[in-house]
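Structure first, then comments.
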Amino acid sequence: MTLLITVFAAIIATYKWYTRKDDTLQLGILVFMYWGASIMWFVDAIFEFAELKAEYFTPAAEDMLNDAFLGLAVVALGLVIWIVRLLITDPKGSVRAALRRQA
């Protein structure tokens with residue numbers, strides 16, 4: 001499930017990055033994080049399959065739920081890192097402008 005969730009997130013982020021005209025949102029960073037996580041989970045799946053063989057395809061419901069939560073947590077953490085990086089770099093200058101208005 002972790003692999004499936006991160007691959008879907010990577011595909012969606014890649015599509016959004018590819019169809020945008022400008023790069024002010026810096027979606028490339030999000031794309032690289034999600035594809036990196038997908039590769040990591042793919043390697044994990046290969047090693048787990050090598051260990052479990054046919055049992056790999058019949059996971060327990062509890063294991064699938066745990067994997068789903070882990071996949072969603074990875075996607076959420078990637079979004080948080082991306083948003084924090086956007087706030088720090090402030091490509092449009094909106095955070096800077098808002099802070100100047102308050103001061």
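The values are calculated or read from the model by the stated rules, or taken from the named source; none is laboratory data. Please read these numbers as outputs of a predicted model, since none were measured by experiment. Don't worry about glycine lacking a Cβ; one is built from the backbone with ideal geometry, like all the others, and counts go over all protein chains shown. What goes into the accessible areas is simple: the full protein's heavy atoms, side chains included, and nothing from ligands, DNA or RNA. Shrake-Rupley method; radii C 1.70, N 1.55, O 1.52, S 1.80 Å.
Using alpha carbon centroids, what distance separates segment 59-103 and segment 20-44, in Å?
Here the answer is 13 Å between Cα centres.
With a 1.4 Å probe and all protein chains left in place, how much of the accessible area of the chain comes from carbon and sulfur atoms, in whole percent?
Working: 5430 of 7670 Å².
Its accessible area is 71 percent carbon and sulfur atoms.
Local charge sum around Asp90 (other residues, Cβ-Cβ under 14 Å, Lys/Arg +1, Asp/Glu -1)? Walk me through the intermediate numbers first.
Values: positive: Arg85, Lys92, Arg96, Arg100; negative: none.
Local net charge: +4.
Taking only protein heavy atoms and a 1.4 Å probe, what accessible area per residue, in Å², does the chain have with all protein chains in place?
Details: 7670 Å² over 103 residues.
Roughly 74 Å² per residue, with all protein chains present.
Show the residues, 5+ positions off or on another chain, whose built amide H is closer than 5 Å to the amide H of Gln26.
Hits under the 5 Å cutoff: none.
Ordering Lys53, Lys92 by accessible area with a probe of 1.4 Å, largest first, what comes out?
On the way: Lys53 120, Lys92 145 Å².
My answer, sorted largest first, is Lys92, Lys53.
Which value, in Å² and to the nearest 10, is the accessible area of Asp63 when all protein chains are kept and the probe is 1.4 Å?
The accessible area comes out at roughly 80 Å².
What FRET efficiency, computed as 1/(1 + (r/R0)^6) with R0 = 41 Å and r the Cβ-Cβ distance, is obtained for Thr89 and Phe8, rounded to the nearest 0.05?
Working: r = 27 Å, r/R0 = 0.65.
That gives a FRET efficiency of 0.95.
What list of ³J(HN,Hα) values in whole Hz, one per residue of segment 21-30 in order, does the Karplus curve 6.51 cos²θ - 1.76 cosθ + 1.60 (θ = phi - 60°) give from phi, with Gly and Pro shown as x?
7, 10, 10, 5, 7, 6, 5, x, 5, 5
Treating the beta-carbon of each Lys and Arg as +1 and of each Asp and Glu as -1, no other charges, what is the dipole magnitude of the chain about its Cα centre, to the nearest 20 debye? Intermediate results must be reported in sequence, preceding the final value.
Numbers: 9 positive and 10 negative charges, 218 e Å.
About 1040 debye.
Just name one of Leu87, Ala61, Val31: the one whose Cα is farthest towards the positive end of the charge dipole of the chain (beta-carbon charges, Lys/Arg +1, Asp/Glu -1).
Checking the options against the dipole of the chain, the answer is Leu87.
Relative contact order of the chain: what whole-number percent is it, with Cα pairs under 8 angstrom and at least 6 residues apart?
40 percent
Working from Cα positions, state the angle (0 to 90°, nearest 10) between the long axis of helix 2-19 and the longest principal axis of the chain.
Tilt of helix 2-19: around 40 degrees.
Under 15 Å from the Cβ of Val31, count the other residues' Cβ atoms, weight Lys and Arg +1, Asp and Glu -1, and hand me the total.
Working: positive: Lys16, Arg20, Arg85; negative: Asp23.
That sum, taken over residues with Cβ under 15 Å, equals +2.
Give, as a single signed number, the net charge of other residues whose beta carbon lies under 14 Å from the beta carbon of Leu3, with Lys and Arg counted +1 and Asp and Glu -1.
Details: positive: none; negative: Asp44, Glu48, Asp63, Asp67.
Here the charged neighbours net out to -4.
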